[in-house]
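Below is one structure, written out as structure tokens, with a few remarks after it.
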Ligand SMILES: Nc1ncnc2c1ncn2[C@@H]1O[C@H](COP(=O)(O)OP(=O)(O)OP(=O)(O)O)[C@@H](O)[C@H]1O
Ligand SMILES: [Mg+2]
């Protein structure tokens with residue numbers, strides 16, 4: 001059974017606490033992505049699940065067995081590392097068969113399972129090569145092959161695609177998804193790339209500063225971000241934010257005293273708020289918020305417009321093409337469901353949300 | 001290097017810079033090899049040819065000095081002793097030092113850095129300051145003039161040497177290798193012996209060879225801790241050099257010196273091929 005329960009897990013390095021009570025319940029066969037900015041503790045949590053880091057507080061259970069004091073080799077997990085960690089002195093076949101060999105699986109059975117995994121991953125012609133004779137993408141496949149021959153309870157991935165170029169990354173992303181649909185093995189996948197998390201996972205756990213900010217199915221995080229952080233982190237290009245004060249009659253007074261009419265009221269009735277609108281949710285219309293186009297970037301299927309609204313730069317994404325030209329005055333309409341309200345707070349700076 | 005070398009790199013062999021570098025290489029080799037050449041040459045000379053002025057390169061070679069000193073300086077037994085001591089201390093140090101180096105590189109241990117530093121500092125103590133106390137201890141234990149005494153004494157400086165070299169090798173390996181092995185079913189020891197050691201073999205081997213050479217030529221401890229039974233080759237050389245009643249005995253010195261160096265050279269040539277192959281195979285790229 002490949003369930004994983006993480007209960008109130010804490011981690012300290014000396015006096016520095018890096019995980020502050022994380023709880024996640026993962027069902028058998030689920031694909032969960034841990035996503036968050038650099039240094040938020042994703043790898044640390046994954047390594048604690050693997051047994052490579054000690055647990056400072058709380059419990060981790062795999063298949064309903066608490067594994068806090070179980071050695072990595074006895075947890076029945078397989079892990080793919082960012083640098084692949086292939087054994088340089090062993091050829092691909094022996095790299096993939098090593099774990100089975102350690103478990104004293106009979107030789108013919110090892111050969112059968114290695115060949116099967118090699119077939120699935122298209123590695124058959126590389127079985128006799130050493131890791132250094134492989135390209136980065138091939139090494140990545142071997143690392144995955146090494147994990148799947150094990151047929152473990154849980155797969156752990158720590159940024160397995162981040163050393164590949166953009167095109168290969170997209171291709172491997174699809175392959176990982178396909179592999180999961182075929183094998184249905186519980187998978188925990190760490191990445192700082194929110195697109196990867198959104199496209200792969202059944203459920204995304206957004207971490208920040210050693211706590212879980214929000215967890216849920218990808219589209220739920222997109223539709224109903226619980227915090228400013230999640231709103232800024234999920235979605236590309238990122239959500240636009242405006243800060244201001246709510247005034248009578250659903251108006252928002254910005255810092256420079258511009259008043260914008262809001263299509264919906266803040267359900268929590270705050271006075272000071274930050275509102276968020278995703279670039280793809282703006283509609284260029286007859287009436288609405290006034291903005292001045294400053295940059296138009298067409299890609300063919302869609303066009304990204306950067307515009308100035310009350311002195312702030314905002315991003316607008318429209319499908320297809322647009323007649324807007326730099327310098328044009330436009331009006332932006334937003335439907336009531338597409339406006340998000342948050343506590344007034346500084347907008348999180350998220351360089352990593354965009355480097356996808 | 002000439003400035004336009006990169007543009008014509010396909011025929012770099014013909015550039016002036018390349019020729020100059022070859023000449024410089026030959027010159028350096030001559031500077032280093034000539035004394036050895038002269039030593040070997042002198043060892044085959046008769047006493048009268050040794051002191052001719054100007055020195056002669058052409059003479060009637062003789063094995064007389066060899067024959068005489070093989071017996072007088074008890075060379076065969078000393079060679080056996082030296083082999084026993086060099087191999088013994090080399091192997092002991094490589095086993096202990098490699099494992100200590102691994103622990104220093106990998107195990108998260110409070111004060112590991114300090115422990116490592118203290119062991120390294122112990123190498124700063126002049127050997128002469130250790131030799132006499134060691135002799136006193138050995139005498140109390142009835143261990144003077146025994147192979148094991150020299151093996152242990154040499155290990156005191158070889159273990160720190162091996163430890164620091166191997167620690168460097170291990171630090172250069174990604175720790176995910178062991179972690180992966182541990183997830184694949186190994187214990188920490190299993191990961192060390194099945195993954196880390198095979199990868200480090202070239203480094204391990206060169207460290208072992210250097211350790212054995214250091215032990216091979218060690219004089220001070222051998223002089224103090226042995227007298228007849230376990231005495232080594234360098235002690236014989238020191239004895240001949242110190243015996244100046246009839247003036248320096250150059251014939252004997254060069255003959256015994258040659259006997260000392262030749263096994264080292266043969267050994268190095270034998271393992272060299274293996275070493276280079278090992279280095280190429282074990283490259284840890286990726
Ligand atoms: N061995 C260690 N000793 C002390 N602090 C550590 C150690 N390992 C990690 N940390 C700290 O723990 C925090 C979380 O690190 P972690 O590697 O889990 O981040 P991450 O979310 O995986 O980031 P990235 O996306 O950059 O990989 C960081 O602040 C890091 O500095
Ligand atoms: Mg990480």
Find how many whole Å separate the alpha carbon centroid of the range B:68-143 from the alpha carbon centroid of the range A:1-75. 45 Å
Where does the protein assembly as shown land at 222 nm, in deg cm²/dmol rounded to the nearest 500, when only DSSP H runs of n ≥ 4 count, each adding -39500 (n - 2.57), divided by all residues? -14500 deg cm²/dmol
Measure out, as a whole number of angstrom, how far apart the alpha-carbon centroids of the range A:185-217 and the range B:194-224 sit. 50 Å
Please determine, in degrees from 0 to 90 and to the nearest 10, the orientation of helix A:166-183 with respect to the longest principal axis defined by the Cα atoms of chain A, where the helix direction is its Cα long axis. 60 degrees
Which of these, B:160, B:202, B:61, has the largest mean-square fluctuation under a Gaussian network model of chain B (Cα springs below 10 Å)? B:61
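Once the mean 1/r over all distinct Cα pairs of the protein assembly as shown is inverted, what Kirkwood radius in angstroms do you read off?
Numbers: mean 1/r = 0.0321 Å⁻¹.
One over the average 1/r among Cα pairs gives 31.2 Å for the protein assembly as shown.
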7 Å from Cα along Cα→Cβ at both residue A:133 and residue B:58: what's the point-to-point distance in nm? 5.6 nm
Once a ≥ b ≥ c are taken as the square roots of the eigenvalues of the Cα gyration tensor of the range B:1-156, is the result rounded (a/c under 1.5), prolate (a/b larger than b/c) or oblate (a/b not larger than b/c)? oblate
What percent of all Cα-Cα pairs in the range B:72-284 falls in each 10 Å bin, counting up from 0? 8, 28, 30, 21, 10, 3, 0, 0
Full-stretch length increase - residue B:171, residue B:146 - with 0.36 nm per residue and alpha-carbon distance subtracted: 5.3 nm
Using distinct alpha-carbon pairs, which all enter the 1/r mean, Kirkwood radius of the range A:68-203 in Å: 15.2 Å
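Taking 30 Å as R0, compute the FRET efficiency from the Cβ-Cβ separation of residue B:264 and residue B:16 and round it to 0.05.
Numbers: r = 37 Å, r/R0 = 1.25.
According to the calculation, E is roughly 0.20.
Based on DSSP, what percent of beta bridges with both residues in chain A are antiparallel, to the nearest 5?
Counting only bridges with both partners in chain A, antiparallel ones make up about 75 percent.
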Under a crude label model (7 Å from the Cα following the beta-carbon direction), how far is residue B:76 from residue B:132 in nanometres? 3.9 nm
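What does the structure give for B:173-179 when I average, per residue, the other chain Cβ atoms found within 10 Å of the residue Cβ? Show your work: numbers first, answer last.
Working: counts 2, 5, 3, 9, 6, 2, 9.
Across B:173-179, the average partner-chain Cβ count within 10 Å equals 5.
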Quick check: pseudo-label points 7 Å beyond the Cα along Cα→Cβ at residue A:59 and residue B:40, how many nm apart are they? 7.5 nm
Considering only A:172, A:239, A:79, give the residue with the highest GNM mean-square fluctuation for chain A, with springs between Cα atoms whenever their separation is below 10 Å. A:172
Would you give the gap between the C-alpha center of the range A:258-302 and the C-alpha center of the range A:88-140, rounded to a whole Å? 53 Å
Nearest 10 degrees, 0 to 90: what angle lies between the long axis of helix A:107-121 and the longest principal axis of chain A (Cα atoms)? 20 degrees
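Based on DSSP, what percent of beta bridges with both residues in the protein assembly as shown are antiparallel, to the nearest 5? Write out the running numbers ahead of the final one.
Values: 58 of 76 bridges.
Among the beta bridges of the protein assembly as shown, antiparallel pairing accounts for roughly 75 percent.
Once fully extended, how much extra length lies between residue A:184 and residue A:343, figured as 0.36 nm per residue of separation less the alpha-carbon to alpha-carbon distance? Please report the intermediate quantities before stating the final value.
Details: separation 159, 0.36 × 159 = 57.24 nm, distance 3.99 nm.
Between residue A:184 and residue A:343, full extension yields 53.2 nm more.
Pull out a ≥ b ≥ c, the square roots of the eigenvalues of the alpha-carbon gyration tensor of chain A, then state rounded if a/c is under 1.5, prolate if not and a/b is larger than b/c, and oblate in the remaining case.
Values: a/c = 3.04, a/b = 1.85, b/c = 1.64.
Cα axes put chain A in the prolate bin.
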quick shape note, the range B:77-140: Cα extents on principal axes in Å, largest first -> 46, 25, 21
Quick note on B:58, A:31, ordering by fewest other C-beta atoms within 10 Å, gives B:58, A:31
Considering every residue in A:78-90, what mean count of other chain Cβ atoms within 10 Å of its Cβ is obtained? 6
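Only the coordinates and a few stated rules stand behind these numbers; no lab work does. For clarity, every value in this text was computed on a predicted model and none was experimentally measured. As a convention, Cβ positions derive from the backbone with ideal geometry for all residues, glycine included, and neighbour counts pool all protein chains shown.
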